[in-house]
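The structure appears below as structure tokens.
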Amino acid sequence: MPEIPDFPYDLDLDRPSGARMHDFLLGGGNNFSSDRELARAVLAVAPDIRLDALANRACLHRVVRACLDLGVRQFLDIGCGIPTVGTVHETAQQVPDARVVYVDSEPLAVTQGELLLAGNPGATIVQADLRDVDAVLSSERVRALLDPSEPVAVLMFSVLHCIAEHPASVIRSYLAAFAPGSLLGLTHLTADHAPQTVQAALDLLASSQHPGTARSRAEVESLLEGLEPLEPGVVPTTEWRPEQGDADLRTEDPLSYAVLARKP
């Protein structure tokens, strides 16, 4: 039985957690009644949120494979959420030397990650607030697995909407720590196509541990300052290099954008 870490944060069961709600939307079982209640309320006003969560997960797989194709073997998955089927290391470690570090502030995500990754020397998880870049990058687990002199793929999927202020600064701080050729893969909630629906969902999420901020395509593009977006640029998540079966996740009004960009 792997050792369970001591958590610097309390597990709050009364206020819904973004990670646990996302787990519910993906069909996982690591969530509580408060999470399910709010998630169902969000689904009532924005029923495509579940498809968007599934589309984000499918896009994550495509982005990881694209990073591998570009020769990147190190992954920092920030705001990873609770491990469910189709996590980054399951895709990345199809290449034997790939290494993955997960980061999340949710205690349950870290507990489940510890159990899932026990015995996997090429993957680990760190509990930290993604905004505390120094704490993340100075973690012994990060320094043990990731070589900053080699490119790293920094993944920020469905998490930047939780940062209301200065998300570009957070991104730049992570990318500055790693070698040229490093990559940033992200998805972000948008209200470009369904403003009233998304605002109704955000109003409900305001009472959770992780209230959200939707951003336009232009605002998402502005987060990439100093980086080179790879084809097809910033596009609806289901349109980012879609594969067979991804069409089933498309909605009439896209709720998120995706992009993969490279540090020159």
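The values are calculated or read from the model by the stated rules, or taken from the named source; none is laboratory data. Every value quoted in this text rests on a predicted model; they were computed, and no experiment measured them. A quick note on method: Cβ atoms are made from the backbone with ideal geometry, for glycine too, and the neighbour counts reach across all protein chains shown.
Assessment of the stretch 109-121 against the conditions (under 23 Å from Cys59 (Cα atoms), touching a helix residue (DSSP H, G or I) at 6+ places or on another chain (Cβ under 9 Å) and at pLDDT 95 or above) yields no matching residue.
Would you check if there is a residue in the stretch 80-91 being in contact with a Ser or Thr (Cβ under 7 Å, 6 or more places away or on another chain) and in a loop (DSSP other than H, G, I, E, B)? I'd like the intermediate steps shown before the answer.
Going through the stretch 80-91, the residues in contact with a Ser or Thr (Cβ under 7 Å, 6 or more places away or on another chain) turn out to be none.
Taking every residue of the stretch 80-91 in turn, none turns out to be in contact with a Ser or Thr (Cβ under 7 Å, 6 or more places away or on another chain) and in a loop (DSSP other than H, G, I, E, B).
Across the stretch 92-112, what is the number of residues that are in a strand (DSSP E or B) and over 16 Å from the mean Cα position of the chain (by Cα)?
Filtering the stretch 92-112 down to residues in a strand (DSSP E or B) leaves 99-104.
Then drop every residue that is not over 16 Å from the mean Cα position of the chain (by Cα), which leaves 99.
Total meeting the criteria: 1.
Look at the stretch 251-263 and say how many of its residues are in contact with a strand residue (DSSP E or B) (Cβ under 6 Å, 6 or more places away or on another chain) and assigned to a loop (DSSP other than H, G, I, E, B).
Taking the stretch 251-263 as the starting set, the residues that turn out to be in contact with a strand residue (DSSP E or B) (Cβ under 6 Å, 6 or more places away or on another chain) are 254, 256-262.
From the residues that got through so far, the ones that are assigned to a loop (DSSP other than H, G, I, E, B) too are 254.
Total meeting the criteria: 1.
For the stretch 115-136, the candidate set comprises residues that are within 23 Å of Leu160 (Cα to Cα) and of a type in the set (S, T, N, Q); within that set, the residue that is surrounded by the most Cβ atoms within 10 Å (Cβ to Cβ) is Gln127.
A residue that is farther than 22 Å from Leu184 by Cβ and basic (Lys, Arg) occurs nowhere in the stretch 60-76. In the set Asp52, Asp77, only one residue is at pLDDT 95 or above, crowded, with 17+ Cβ neighbours inside 10 Å, charged (D, E, K, R) and not in a helix (DSSP H, G or I); that residue is Asp77.
Suppose we filter Val85, Val95 for residues that are surrounded by fewer than 21 Cβ atoms within 10 Å (Cβ to Cβ) and modelled with pLDDT under 95; which single one remains? Can you show your working first?
Numbers: Val95 fails: modelled with pLDDT under 95.
None of the other options fit; the residue is Val85.
Which of the residues that make up the stretch 113-127 are at negative phi and either among the β-branched types (Val, Ile, Thr) or not in a strand (DSSP E or B) (or both)?
Taking the stretch 113-127 and keeping what is at negative phi, we get 113-118, 120-127.
Result: Gly113, Glu114, Leu115, Leu116, Leu117, Ala118, Asn120, Pro121, Gly122, Thr124, Ile125, Val126.
Taking every residue in the stretch 167-194 that is of a type in the set (D, E, K, R) and pairing it with any residue that is assigned to a helix (DSSP H, G or I), at least 6 positions away or on another chain, the pairs with Cβ-Cβ distances below 9 Å are Asp192/Val198; Asp192/Arg217.
Identify, please: which residue in the stretch 205-245 is modelled with pLDDT under 95 and within 18 Å of Leu43 (Cβ to Cβ) and is, among those, surrounded by the fewest Cβ atoms within 10 Å (Cβ to Cβ)? Residue satisfying both the conditions and the ranking: Ala206.
Of all residues in the stretch 123-152, those that are closer than 13 Å to Val103 by Cα and without any contact (Cβ under 8 Å) to a residue 40 or more places away in the chain have Cβ atoms under 9 Å from Cβ atoms of residues that are of a type in the set (Asp, Glu) and in a strand (DSSP E or B), 6 or more apart or on another chain, in Val126/Asp104; Ala128/Asp104.
For Cys59, the conditions (1) closer than 23 Å to Arg131 by Cβ; (2) at pLDDT 90 or above; (3) under 12 Å from the mean Cα position of the chain (by Cα) are fulfilled apart from (1). Checked against the criterion of being farther than 26 Å from Asp69 by Cα and hydrophobic (A, V, I, L, M, F, W, C), the candidates Ala144, Ala200, Ala176 yield just one match: Ala200.
Matching residues to (1) within 18 Å of the chain's Cα centre (by Cα); (2) surrounded by fewer than 20 Cβ atoms within 10 Å (Cβ to Cβ); (3) of a type in the set (S, T, N, Q):
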{"residue": "Ser138", "(1), (2), (3)": "no, yes, yes"}
{"residue": "Arg143", "(1), (2), (3)": "no, yes, no"}
{"residue": "Val152", "(1), (2), (3)": "yes, no, no"}
{"residue": "Cys162", "(1), (2), (3)": "yes, no, no"}
{"residue": "Ala168", "(1), (2), (3)": "yes, yes, no"}
{"residue": "Arg172", "(1), (2), (3)": "yes, yes, no"}
{"residue": "Leu186", "(1), (2), (3)": "yes, no, no"}
{"residue": "Thr197", "(1), (2), (3)": "no, yes, yes"}
